[in-house]
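Asks: Below you'll find the structure I mean.
The values are calculated or read from the model by the stated rules, or taken from the named source; none is laboratory data. Note that the structure is a prediction, hence the values are computed from the model and not measured. Neighbour counts run over all protein chains shown; Cβ positions are idealised from the backbone, glycine included.
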Amino acid sequence: MQKSFLRFRAMAGSTLVVVTLAVSPASRAALGGDVASIVHDHETLRASDTVTSTVLYDLHEAQSPAGVRVREYVDRASGKVFALTWQGPRLPDVNALLGSYASRYQAAAKEHHGSHHTLSIDDPDLKVSVLRLQRGWQGDAYLPNAIPQGVDRAELR
Amino acid sequence: MEGKFIGTRALFSFLTACTCFALGACNGSGSGRSSSDTVHAVPIVLDAGPAQIGAVNSPFVTVTLCAPGNASKCQTIDHVLVDTGSSGFRVLAGALGNGVNPTDLVAITDDNGNAVVECTQFADGYMWGTVKRADLRIGGEIASDVPIQVSGDPAYPSSLIPGACINIPGAEEDSVDQFGANAVLGVGNYIQDCGSGCTDAGSQDGSAYNICTNVTPMICEPVAVAPSAQVTNPVALFAADNNGVQIKMTTVDADGAVSGGGTLVFGIDTKSDNALGSATVFALDPDFGTLFTMYAGTPLNRSFLDTGSNAYFFPDASIPICSDQTDFFCPTSALAASAQIEGLNGSVTTVDFSVQNADAMSSADAVEPDLAGPAPAADLSAFDWGLPFFIGRRVVIGLENTSFGSVQGPADAF
């Protein structure tokens, strides 16, 4: 049993954290963006950036203290993020991760009828899938036309 | 702070005794518990939903909400969505005001009177509203002093919503129109809506519980909340019949029906008529509340049984998506399909189902047993076994921290 009813963080300090999250600029976002946008995403997660390189892409992985894992796939030729996945007990900043594509997600959400737990976009140029589980989240987004030739979609996990 | 917490706890059993009487009085049936089915069950209706919504495959019950211990402050709320995909009761503030106002409920606060306000995130948006205690009567069952969420509570306007709450670019679902129900009754597999994920002060980001000042300038901060003050599955707080629910939906014609119905039964093996019986039990992954589905040779390892979803949602690129309503499939002719559901305990069952063209369905129908739509075709895949799966079945939703035969909850059975 918890001993205290509500446990606080220091008021002033956490205010700053919240403000930082709130102003995550979409212009620096990841999908279709460059490596600098990834560093920013990982800062908001308070996570370190682990990079695994293959011939065709670099995989940037962030794991936050709260258990949120974000993977971003960067085309080594173009330097752009062409796919990303996330999972964990809560959401990463999906707005920032989707960047200029966030507005398409928002439009899909407003049109959406049927399940508060799944949402997907299945357009020729954009695939997004989000799952709200009873406990936790999973999601991915990728740009089919930007996947480097020779990369199998199935390896982008 | 600690003293107040303990005091609240000590008061709890006293309030429970009082509110049984109070709620009985406000419903005109204060005769106490019996083993009859009317006590531990409530009818489910499948209809078009609250006025102007046009709901399809949305199971609704009626719930009586009262201020804690106050029989003169009650409101009967119809069109409460039964959701096995979440835990806890959330009422839209816009549906209140006909007997109970948000201010009649008991705020959960810190010692300075600052209120706990919650962000509830969905795949398609978010809710924002206060966490308050209320008494709930569902069928004949009573849950007293339940922490619930008042979505869209005008005392804490959406201008206060933290950035982490809207980090998913969806819609604010704090109105009956946008959400599609007057309230949601989350009868999922968990006791609290968040659990241990919200008890660690160091890792809260505002996407769940917040504490908000009630004087200008109003400021909200992320806060950790003990499980006893989190929004709680009312079933877990019933005096008996508190280990889960059973959903029994009546079969309707495959081509749909204007309306339908069923029964939400409380308890598993707690009464003579709610036995687990021969149902196969599927243990869930306790970290996610999910089970395993194999569909068309594809493993979908984050699958779930969800009355809050109004169709089967699964990945199958071979089935055409409707051009005008991209949430659903529009096959040229009816498809017969099947999938295997497997629990973490190794139980396996084959489920047969059909998919019909959503565009060919009558707009007058509130029940469509063959409605299906696309889900993520990703590595993180799911089969969302929505309401159509429940039609013609008895489905058991077993709570965590309880056991069903040799299987430990969270577990489902059918």
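Asks: Out of all the residues in the range B:71-82, is one or more within 21 Å of the chain's Cα centre (by Cα) and farther than 18 Å from B:Leu185 by Cα?
Replies: Of all residues in the range B:71-82, those within 21 Å of the chain's Cα centre (by Cα) come to B:75-82.
Then drop every residue that is not farther than 18 Å from B:Leu185 by Cα, which leaves none.
No, every residue in the range B:71-82 fails to be within 21 Å of the chain's Cα centre (by Cα) and farther than 18 Å from B:Leu185 by Cα.
Asks: Can you spot a residue in the range B:322-332 that is more than 14 Å from chain A (Cβ to nearest Cβ), at pLDDT 95 or above and surrounded by fewer than 18 Cβ atoms within 10 Å (Cβ to Cβ)? Break it down into steps so the answer makes sense when it comes.
Replies: Our first condition is that a residue be more than 14 Å from chain A (Cβ to nearest Cβ); within the range B:322-332, this holds for B:331-332.
Subsequent filtering for residues that are at pLDDT 95 or above retains B:331-332.
Those still in the list that are surrounded by fewer than 18 Cβ atoms within 10 Å (Cβ to Cβ) too: B:332.
Checked the range B:322-332: at least one residue is more than 14 Å from chain A (Cβ to nearest Cβ), at pLDDT 95 or above and surrounded by fewer than 18 Cβ atoms within 10 Å (Cβ to Cβ).
Asks: Further question: Please give the strands (runs of 3 or more DSSP E) falling wholly within the range A:47-139 in which 1 or more residues are within 18 Å of B:Gly373 (Cα to Cα).
Replies: In the range A:47-139, the matching strands (runs of 3 or more DSSP E) lie at A:118-123, A:126-132.
Asks: Let me ask something else. So which of B:Ala171, B:Ala208 is under 26 Å from A:Ala108 (Cβ atoms), crowded, with 24+ Cβ neighbours inside 10 Å and either away from every other protein chain (no Cβ under 13 Å) or more than 14 Å from the chain's Cα centre (by Cα) (or both)?
Replies: Numbers: B:Ala171 fails: crowded, with 24+ Cβ neighbours inside 10 Å.
Just a single option satisfies the conditions, and that option is B:Ala208.
Asks: Counting just the residues of the range A:113-125 that are surrounded by fewer than 22 Cβ atoms within 10 Å (Cβ to Cβ) and either facing chain B (nearest Cβ under 7 Å) or aromatic (Phe, Trp, Tyr) (or both), which one comes out farthest from B:Tyr312 (Cα to Cα)?
Replies: Keep residues of the range A:113-125 that are surrounded by fewer than 22 Cβ atoms within 10 Å (Cβ to Cβ), which gives A:113, A:121-125.
Subsequent filtering for residues that are either facing chain B (nearest Cβ under 7 Å) or aromatic (Phe, Trp, Tyr) (or both) retains A:113, A:122.
Working: A:His113: 13, A:Asp122: 17 Å.
So the residue we want is A:Asp122.
Asks: Of B:Ala143, B:Ala71, which residue is more than 14 Å from chain A (Cβ to nearest Cβ), in a strand (DSSP E or B) and out of contact with any strand residue (DSSP E or B) (no Cβ under 7 Å at 6 or more places or on another chain)?
Replies: Values: B:Ala143 fails: out of contact with any strand residue (DSSP E or B) (no Cβ under 7 Å at 6 or more places or on another chain).
Within the list B:Ala143, B:Ala71, the selection yields B:Ala71.
Asks: Name the single residue that is nearest to B:Ala413 (Cα to Cα) among those in the range B:161-202 being touching a residue at least 40 places away in the same chain (Cβ under 8 Å) and in a helix (DSSP H, G or I). Steps first, answer last, please.
Replies: Going through the range B:161-202, the residues touching a residue at least 40 places away in the same chain (Cβ under 8 Å) turn out to be B:161-168, B:170-193.
Pick out the ones that are also in a helix (DSSP H, G or I) and you get B:163-166, B:176-179.
Working: B:Gly163: 39, B:Ala164: 36, B:Cys165: 34, B:Ile166: 35, B:Val176: 32, B:Asp177: 33, B:Gln178: 32, B:Phe179: 28 Å.
Step by step, filter the range B:161-202, then rank; the result is B:Phe179.
Asks: Run down B:Phe390, B:Phe414 and say which single residue is surrounded by fewer than 23 Cβ atoms within 10 Å (Cβ to Cβ), modelled with pLDDT of 95 or more and closer than 27 Å to B:Ala41 by Cβ. Spell out how you get there, then give the answer.
Replies: Values: B:Phe390 fails: surrounded by fewer than 23 Cβ atoms within 10 Å (Cβ to Cβ).
One residue alone meets the criteria, B:Phe414.
Asks: Can you tell me which residues in the range B:174-191 are touching a Pro at 6+ places or on another chain (Cβ under 9 Å) and either crowded, with 24+ Cβ neighbours inside 10 Å or facing chain A (nearest Cβ under 9 Å) (or both)? I'd like the intermediate steps shown before the answer.
Replies: We begin by selecting, within the range B:174-191, every residue touching a Pro at 6+ places or on another chain (Cβ under 9 Å); these are B:176-177, B:180-182, B:185-191.
Residues satisfying the conditions are B:Gly180, B:Ala181, B:Leu185, B:Gly186, B:Val187, B:Gly188, B:Asn189, B:Tyr190.
Asks: Find all pairs meeting these conditions: Cβ atoms under 6 angstrom apart; at least six residues apart or on different chains; first residue within the range B:337-360 and more than 13 Å from B:Leu300 (Cβ to Cβ); second residue of a type in the set (Val, Ile, Thr) and at pLDDT 95 or above.
Replies: The qualifying pairs are B:Ser338/B:Thr350; B:Asn345/B:Val407; B:Ser347/B:Thr280; B:Thr349/B:Thr280; B:Thr349/B:Ile341.
Asks: Tell me yes or no: at least one residue of the range B:213-224 is under 17 Å from B:Asn401 (Cβ atoms) and of a type outside the set (Ser, Thr, Tyr). Before the answer, list the steps.
Replies: Narrowing the range B:213-224 to residues under 17 Å from B:Asn401 (Cβ atoms): none.
There is no residue in the range B:213-224 that is under 17 Å from B:Asn401 (Cβ atoms) and of a type outside the set (Ser, Thr, Tyr).
Asks: Within the range B:295-304, restricting attention to residues that are of a type in the set (A, V, I, L, M, F, W, C) and within 16 Å of A:Trp137 (Cα to Cα), which residue is nearest to the other protein chains (Cβ to nearest Cβ)?
Replies: The first filter runs over the range B:295-304 and keeps only residues of a type in the set (A, V, I, L, M, F, W, C), leaving B:296, B:300, B:304.
Those still in the list that are within 16 Å of A:Trp137 (Cα to Cα) too: B:300, B:304.
Numbers: B:Leu300: 10, B:Phe304: 7 Å.
Filtering first and then ranking leaves B:Phe304.
Asks: A further question follows. Restricting the search to the range B:74-130, which residues are of a type in the set (D, E, K, R), assigned to a strand (DSSP E or B) and over 30 Å from A:Ala102 (Cβ atoms)? Give the derivation first.
Replies: Narrowing the range B:74-130 to residues of a type in the set (D, E, K, R): B:78, B:83, B:90, B:104, B:110-111, B:118, B:124.
Now narrow it down to the ones that are assigned to a strand (DSSP E or B): B:78, B:83, B:90, B:118.
Across the range B:74-130, the qualifying residue is only B:Asp78.
Asks: Conditions: (1) more than 14 Å from chain A (Cβ to nearest Cβ); (2) assigned to a loop (DSSP other than H, G, I, E, B). B:Gln246 meets all but one. Number of the miss?
Replies: (2)
Asks: So, one more: If only one of B:Ser363, B:Ser338 is within 14 Å of chain A (Cβ to nearest Cβ), farther than 30 Å from A:Arg71 by Cα and surrounded by fewer than 16 Cβ atoms within 10 Å (Cβ to Cβ), which one is it? Write out each step before concluding.
Replies: Details: B:Ser338 fails: within 14 Å of chain A (Cβ to nearest Cβ).
After ruling out the rest, the residue left standing is B:Ser363.
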